[in-house]
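The values are calculated or read from the model by the stated rules, or taken from the named source; none is laboratory data. Note that this is a predicted model, so its numbers are computed, not measured. So basically every Cβ, Gly included, is an ideal-geometry build from the backbone, and we count neighbours across all protein chains shown.
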Amino acid sequence: MHHSCLPAALAALAAIVPETFATAPDGGLLGCRALVSAGMGQNVQFPSTPGGGYRSSLNSYYSLDVREVEPSCVFKPRSAHDVSQAIKIISNLPSGNVAVRGGGHTVWPNNNIANGITIDMSLLGHTKLHQSKESDTAVIASVGAGARWEAVLLEVEKRGLSVAAGRVSTVGVAGLTLGGGLSFHSGRHGFTCDNVVNYEVVLADGQIVNANATQNLDLFKALKGGGSNFGIVTRFDFATFPAGLLYGGIMMATWDHKQTVLDSLIRLIEINEQHPADNQIVLFTYNATADFMTVGSINVNVDGATDSTSFEPMASVPWLYDTRTTQTYAEMVVDLSDPGGERSPWFSLCFQNNKLVANKAAELFEKLVAECRGIADLHRIQVVLQQLPKHYAQKNPGGNVLGMDNSLTEDAILWQGQGYAQARETEGLLREKLATLTAELEAYAKSVGAATQWRYINYVDPTQDPLKSYGPENIAFMKGVAAKFDPHGFFQTRVPGGFKISHVD
Ligand SMILES: Cc1cc2nc3c(=O)[nH]c(=O)nc-3n(C[C@H](O)[C@H](O)[C@H](O)COP(=O)(O)OP(=O)(O)OC[C@H]3O[C@@H](n4cnc5c(N)ncnc54)[C@H](O)[C@@H]3O)c2cc1C
Ligand SMILES: *[C@@H]1O[C@H](CO)[C@@H](O)[C@H](O)[C@H]1NC(C)=O
Ligand SMILES: *[C@@H]1O[C@H](CO)[C@@H](O)[C@H](O)[C@H]1NC(C)=O
C-alpha cells in the first residue's frame, strides 16, 4: 500500500550513509591470504573452508541484514598477539578493509564487511578474576573482548561478585562497553564504561598497550564512549562489587493501561537518585501477528526488594503476563533474551522527563501502528522508554567522552523506536516511517522546550550522528586521541564500521 514511495526513500537513505553500506575493494581477499601465508591459516575461515566455520560465524549475528554481508574471510584470533600480528600485516597492505565484531548485536552492518576481513573475537571470550594490584580488597574481572554478558555474569557470580553488566544475555561486552553501556546497576555505578579500570588495546601499528588511569590516560578516556575509533580492544578489566539477588521481571498489559505505566516511569525517574536500586523500562509493543497492542514494563530492583515504593503507581494494573521473581543477574538477563534473526531498524532520541513528550511518544506509536496494520510481513513494532536521570552522568564526571556531565542538565528519557520484519522491502518501509516519526517527536520535544542533545551510539540509526552529541570539547579530544594513536587513520578509513570521529565537523 505505501510501497510506491519506497525506492525514492531508500535512495535518499543510501545517499546519506555511503560508508556504512558501501562494498569494499577486493583487497580483503589479499589480506586473508596474507594471514594464511604468515602461518595463521588455522584461524582464517573462507566460505570454502571445511567445517562450515565461516557460515556459523555469520549466522551468529543478531540481525539478518548483517548475516547476509559476506566478508572474504572471517579471522578468529586466539590471543591479543594474533590480533597484533594480523593488524601489522593488514595495515602494511595498500588496501583491504576490516570489520571487528564482539557479540555481533548491532542491528546494521558496522560489525561485518563485504569483501573484507571480519575479525570475530569470539574465541577471546574468557572471564578471569584476580586481585587488583592497586588495592588489597578489590577484585578485577578481566574479560576477553569476544565475551557475551551471560558468561561473564555466571563467572563473577561464582565468587559472589557482580559487574555493571548489560541486560540481555547474548549481547556482547565489547560493543556495549565501547559505546557507554546501560546496566541495571547504572543507578549506583553509572555507565558500564565507567567501571572499566583498564583496556588492553591493539593499536593501528600492531602494538599491544594498556590504557588505564596511569598509562595512556587519554586513550583510556576516549575508549569510554568513543566506539571503534582508536584500536581493537582485546580485554576489558572491570571493577567488581558484591552480588545480591535481584527482584524483577517483565510484565505486559493491554494498551489502555499505558498512561498508568508511563506516569509511573516519569515518577520513578524523578525519585531515582534516592532509589538507585530501581529500574523501569517501558515497552509499547504492536504484535502484528496477533494484531494486538500492549504496554509492558520491565521492573527490576537490584537489592531484591519485592515491595519497592518506586513501582507503587502500577500496583493496580491487571498484568496479562508477569515474570517477576527473585533471581540472580545472570538469570534475569536470560529471561529478557531476544531471539534475533530479523531485520530491525532502530532509531533513538533523548528528551527531558516530561509528561507531554512521553504522551506524544505514545500518540505517535498509535499513529504508526495504524499506518502499518496489515503489512503482511511485519512482525512487530516496539517503542522502548528508559530512565536517564541526570545523576547517571555524575558517577564519573569528565572520565568518559559521552559529554553528559555537561549536556544532561535535566532528568531525561532515553527513547527507542524499533521495527521488526523479515523482508528487506518491509524493513525499508519501516525505516522510512521510523525516521519520520523520530523527526516529529524530536521537533515536538523542541517545541515544548524539552529537547536533550545526547544520542546513544548503541541505539541510533546510522543516519543519526551520536558522536556530535558529545559536544565540541569531546569531539576535539577524540580527534586528538585518534591522531596520536593512529596517525595514518587506519581505524578511520580501513575499519569503516561504526561512527567515525573524522566524519564529525
Ligand atoms: C537484544 C539487545 C539488547 C540490548 N541490551 C542493551 C542493554 O541492556 N544496554 C545497553 O547499553 N545496550 C544494549 N543493547 C545495545 C548494544 O549495546 C549494542 O548493540 C552493542 O553494540 C552490542 O555489542 P556487541 O559486542 O554485541 O556489538 P557488535 O555489533 O559486535 O559491535 C558493535 C561495534 O563495536 C565495534 N567493536 C566490537 N568489538 C570491538 C573491539 N574489541 N574493539 C574495537 N571495536 C569493537 C564493532 O566494530 C562495531 O562497530 C542491546 C542490543 C540488543 C540487540
Ligand atoms: C596500567 O598499565 C600499566 C602499564 O602497562 C600496568 O603496569 C598497570 O598494571 C595498569 N593498571 C591497571 C589498573 O591495570
Ligand atoms: C505475537 O502473537 C503471536 C500470536 O498470538 C504469538 O504466538 C507470539 O508469541 C507473539 N509475539 C510476541 C513477540 O509476543
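Going through (1) touching a helix residue (DSSP H, G or I) at 6+ places or on another chain (Cβ under 8 Å); (2) in a strand (DSSP E or B) one by one, Ala361 falls short only on (2).
The residues on offer are Gly399, Gly419, and the sole one that is small (Gly, Ala, Ser), in a loop (DSSP other than H, G, I, E, B), assigned by TED's automatic domain parsing to the domain that holds Arg267 and at negative phi is Gly399. Take the residues of region 265-302 that are assigned to a loop (DSSP other than H, G, I, E, B) and surrounded by 23 or more Cβ atoms within 10 Å (Cβ to Cβ): which is nearest to ligand 3 (Cβ to nearest atom)? Among them, the one singled out is Val302.
Is at least one residue of region 177-200 in a strand (DSSP E or B), in contact with a Gly (Cβ under 6 Å, 6 or more places away or on another chain) and of a type outside the set (Ser, Thr, Tyr)? Among the residues of region 177-200, not one is in a strand (DSSP E or B), in contact with a Gly (Cβ under 6 Å, 6 or more places away or on another chain) and of a type outside the set (Ser, Thr, Tyr), which makes the answer no. Among residues of region 253-264 being of a type in the set (A, V, I, L, M, F, W, C) and buried (at least 20 other Cβ atoms within 10 Å of the Cβ), the one that is farthest from ligand 1 (Cβ to nearest atom) is Ala253. Looking across region 152-184, the residues that are more than 10 Å from ligand 1 (Cβ to nearest atom), in contact (Cβ under 8 Å) with a residue 24 or more places away in the chain and surrounded by fewer than 23 Cβ atoms within 10 Å (Cβ to Cβ) come down to Leu154, Glu155, Glu157, Arg159, Gly160, Leu161. Scan region 378-392 and tell me whether some residue there is touching a helix residue (DSSP H, G or I) at 6+ places or on another chain (Cβ under 7 Å), in a loop (DSSP other than H, G, I, E, B) and at pLDDT below 95. The answer is no; no qualifying residue exists. Residue count for region 152-166 satisfying the condition of being more than 11 Å from the chain's Cα centre (by Cα) and in a loop (DSSP other than H, G, I, E, B): 6. Residue under question is Gly340, and the condition is that it be at positive phi, away from ligand 1 (no atom under 14 Å from the Cβ), among the small types (Gly, Ala, Ser) and out of contact with any Asp or Glu (no Cβ under 8 Å at 6 or more places or on another chain); does it hold? No, not satisfied. Residues in region 424-482 that are more than 19 Å from the chain's Cα centre (by Cα), under 20 Å from Phe230 (Cα atoms) and in a loop (DSSP other than H, G, I, E, B): Gly471 alone.
Of the numbered criteria (1) within 16 Å of ligand 2 (Cβ to nearest atom); (2) modelled with pLDDT of 95 or more; (3) touching a strand residue (DSSP E or B) at 6+ places or on another chain (Cβ under 7 Å), the one Gln131 fails is (2). Just to be sure before I move on: is Phe365 under 22 Å from Gly103 (Cα atoms) and either of a type in the set (A, V, I, L, M) or in contact with a strand residue (DSSP E or B) (Cβ under 7 Å, 6 or more places away or on another chain) (or both) in the structure I sent? No; evaluated as a whole, the condition is false for this residue.
Would you check if Pro313 is assigned by TED's automatic domain parsing to the domain that holds Trp415, in a helix (DSSP H, G or I) and over 29 Å from Lys158 (Cβ atoms)? Yes: the conditions hold for Pro313. Residues of region 102-133 that are in contact (Cβ under 8 Å) with a residue 60 or more places away in the chain and among the charged types (D, E, K, R): Asp120 alone. Against the list (1) surrounded by 22 or more Cβ atoms within 10 Å (Cβ to Cβ); (2) within 16 Å of ligand 1 (Cβ to nearest atom); (3) under 29 Å from Met332 (Cβ atoms), the condition Asp237 fails is (1).
Counting only residues that are surrounded by fewer than 19 Cβ atoms within 10 Å (Cβ to Cβ), among the hydrophobic types (A, V, I, L, M, F, W, C) and more than 27 Å from Gly417 (Cβ to Cβ), region 459-489 holds 2 of them. Selection of region 384-422 for residues being free of Cβ contacts under 8 Å to residues at least 24 places away in the same chain and surrounded by 24 or more Cβ atoms within 10 Å (Cβ to Cβ) yields an empty set. In region 206-225, the qualifying residues are those that are under 23 Å from the mean Cα position of the chain (by Cα) and assigned to a strand (DSSP E or B), and the one that is farthest from ligand 2 (Cβ to nearest atom) is Ala211.
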